[in-house]
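A quick write-up on the structure given underneath.
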Amino acid sequence: MRDAADDSDSPPSHMSEDSDGSGAGAGGDTWAPDLRGANGGNNGRWAPPDQVLENVLESVLEFLTAARDRNAASLVCRSWYAAEAQTRRELFIGNCYAVSPARAVQRFAGVRAVVLKGKPRFADFSLVPNGWGARVSPWVDALGPAYPRLQRICLKRMTVSDDELALIPRSFPLFRELSLVCCDGFTTRGLAVIAEGCRHLRVLDLTEDYFHEETEVVDWISKFPECNTSLESLVFDCVSVPFNFEALEALVARSPALRRLRVNDHVSIEQLRRLMARAPHLTHLGTGSFRSEPGSSGASSVSDLATSFAAAAKSLVCLSGFLDVNAEYLPAIYPVCANLTSLNFSFASLTSEELIPVINHCVNLRVFWVLDTVGDEGLRAVAETCSDLRELRVFPLDATEDSEGSVSDVGLQAISEGCRKLESILYFCQRMTNVAVIAMSENCPDLVVFRLCIMGRHRPDRVTAEPMDEGFGAIVKNCKKLTRLSVSGLLTDKAFAYIGKYGKLIKTLSVAFAGNSDMSLQHVFEGCTKLQKLEVRDSPFGDKGLLSGMNYFYNMRFFWMNSCRLTVKGCGDVAQQMPNLVVEVMKDHPDDEGEVDTVDKLYLYRSLAGPRTDAPEFVNIL
């Protein structure tokens, strides 16, 4: 997943809807305390002392914007619990099955924004079967009557139909922002309803969504109001079907507040220039295809395109797109490179020779996403130029286990030596050494996220053939701020003992092709006391490892295991002893009668709502 925002991490709480990612005050409304009570009623007399204290408390809680602070306040006493619920404006629900919609809207009456997540994160890697669930329909049905002043909805990994999108303008007359991330089930017909019905729309962001096949594509861009719009952000680079470009150009021209625009691969360089001329104050731009239209008689030259980028040099700070890039046009972006803080080449299969001239101009870059086709040489150029880099993601062009891969420990070590302010890294490769990972831990001690994905199964140190235990051990020892860790390669229980001993702040742990016994999981459960999300795939962990977490599951948001050594009996023991957990088991081949007791997938999560009622046949809730 390249453009979707990562799952936010949150402290465990007594209600899943209280999780991190929220914040008070969303929607722009400010709580106005009335010390006389009843909105000036009671014949102008002052309210009783208890009522005054309650109003003052609600006013004070308005200044608490961090979800963790609001959660803590709600646990003080009943009056604080009620006051916090009354003043909460943004509701974050990290698992749509963790609480019922009715319970959420009953507790929080004044919500203006809702963030809702559905399928487990491994859905991004096609490990969650199609039709698993996470439909948004029960939530839309509940939100409509409860929150007529709702202004923002963000959905991630949810199934959304066109009819459900149509409920938004009918239910929320003040609606302003819709963000759909890794969602599926809708078409351009649903987008047309949003564009036409939401008259106050400011944000329409579609990020890595999967569109339902449609026999007739609707001209949804033309449905926006013909008068000046309030549009500030329009992102639709994942919409694979053609659209009405003239309508988009006109829309951009009558949207003076537009600052973010990311278009799909049906936009040529010539069309991109026209859009940039209509929106000279863009701060974030997704370029579309970044090549000339085939057969175009008026193809733009590099200098023509460079002129357009030079005009945007003062405002443009984030550049992405390049969905079908012609590298000959890359020099045209030189005028904006010095001002860029974020550059995304994760869809452009560039060589090091094509990348280096560009990256040499990007001296202020803080976020950089790229494909591994740039090789170690390209990463070395990044290290030499981008000393202020805070986030790096290196994606594989070929994500199969037996692929060659173009980056290795050489590129990782170069990055660690040149980009010492690094806070987050995602690095896909086939070859790695302990020395390079140890160097990363020593040179970049401020790392908060370290995700090293060695794609081949059980790959050892490429030089010494030793397990990668010491490298990952150094990461958790030296990076004291680490909250998210992904491990892979040849790892023994020793690596997980390091993680349990030193990874005291880790909230999200992903494990692939690693470990050699159930002791690995026991080390993690006993040591990582702040762990909320644990994902394990293709690792030799069985029932004993699962049962070692019995005392910790209630403090976690979820636990996912895929292709391990679990049995139905072991999973059933957890379900029997922990009734407030939902234990879902799945088989990859449900019609296969062999090894009836085996479990291919386990999804375990806490829930106030109990087992869900929409589970498909291949999901067995124990």
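The values are calculated or read from the model by the stated rules, or taken from the named source; none is laboratory data. Remember, it's a predicted structure, so these values are computed and weren't measured experimentally. All Cβ positions, glycine included, derive from the backbone under ideal geometry; neighbour counts span all protein chains shown. Accessible surface is based on the protein model in full, side chains and every heavy atom, while ligands, DNA and RNA are left aside. Shrake-Rupley method; radii C 1.70, N 1.55, O 1.52, S 1.80 Å.
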If you place +1 on the Cβ of every Lys and Arg, -1 on the Cβ of every Asp and Glu, and leave all else neutral, what size is the dipole of the chain about its Cα centre, to the nearest 20 Debye?
-> 2380 debye
With contacts defined as alpha carbon pairs under 8 Å and 6 or more residues apart, what's the relative contact order of segment 422-563 in percent?
-> 19 percent
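What is the gain in length, in nm to one decimal, between Ser563 and Ala247 on full extension, counting 0.36 nm per residue of separation less the C-alpha to C-alpha distance?
108.9 nm
Could you please state how large a percent of the accessible area of the chain is carbon and sulfur, counting protein chains only and using a 1.4 Å probe?
Answer for the chain: carbon and sulfur cover 50 percent of the accessible area.
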Arg103-Val60 pseudo-label distance in nm [points 7 Å out on the Cα-to-Cβ vector] = 2.9 nm
Among Ala279, Asn244, Val267, the residue whose Cα sits farthest towards the positive end of the charge dipole of segment 244-293 (+1 at Cβ of Lys and Arg, -1 at Cβ of Asp and Glu, taken about the Cα centre) is Ala279
At the level of C-alpha centres, the distance separating segment 122-193 and segment 245-312, in angstrom, is 29 Å
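Relative contact order of the chain: what whole-number percent is it, with Cα pairs under 8 angstrom and at least 6 residues apart?
7 percent
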Label points 7 Å out from Cα along the Cβ direction at Lys504 and Ala465: separation in nm?
-> 3.9 nm
How would you classify segment 319-394 from its alpha-carbon gyration tensor, with a ≥ b ≥ c the square roots of the eigenvalues: rounded for a/c under 1.5, else prolate if a/b is greater than b/c, otherwise oblate?
-> rounded
Please report, in whole Å, how far the alpha carbons of segment 169-296 spread along each principal axis, starting with the longest.
-> 45, 33, 23
Which lysines does Lys569 reach when only Cα atoms under 22 Å apart count, and residues fewer than 8 places away in its own chain are ignored?
-> Lys544, Lys587, Lys601
Identify the residues of segment 321-346 with backbone N under 16 Å of a label point that sits 7 angstrom from the Cα of Asp388 along the Cα-to-Cβ direction, or state none.
-> 336-343
Which ³J(HN,Hα) values, rounded to whole Hz and listed in residue order, are derived for segment 318-328 from phi using the Karplus coefficients 6.51, -1.76 and 1.60 in 6.51 cos²θ - 1.76 cosθ + 1.60 with θ = phi - 60°, glycine and proline given as x?
-> 9, 10, 9, x, 6, 6, 8, 5, 9, 4, 5
What 222 nm value per residue comes from the helices of the chain, counting each DSSP H run with n ≥ 4 as -39,500 (n - 2.57) and dividing by all residues, nearest 500 deg cm²/dmol?
-> -8500 deg cm²/dmol
Give me the lysines in straight-line cross-link reach of Lys480: C-alpha distance below 24 Å, same-chain residues under 8 apart excluded.
-> Lys421, Lys494, Lys501, Lys504, Lys507, Lys530, Lys533
Amide H contacts under 5 Å for Ser607, restricted to residues at least 5 apart in sequence or on another chain and with H modeled in the peptide plane, are Val582
Mind giving me the nanometre distance, one decimal, between the label points for Arg68 and Lys421, set 7 Å out from Cα along Cα→Cβ?
-> 2.3 nm
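Using a probe radius of 1.4 Å on heavy atoms only, what accessible surface per residue do you get for segment 250-380? Whole Å² is fine.
Per-residue value: 38 Å².
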Subtracting the Cα-Cα distance of Lys544 and Asp304 from 0.36 nm times their residue separation yields 79.9 nm
Antiparallel bridge percentage (DSSP; both residues within the chain; nearest 5) = 20 percent
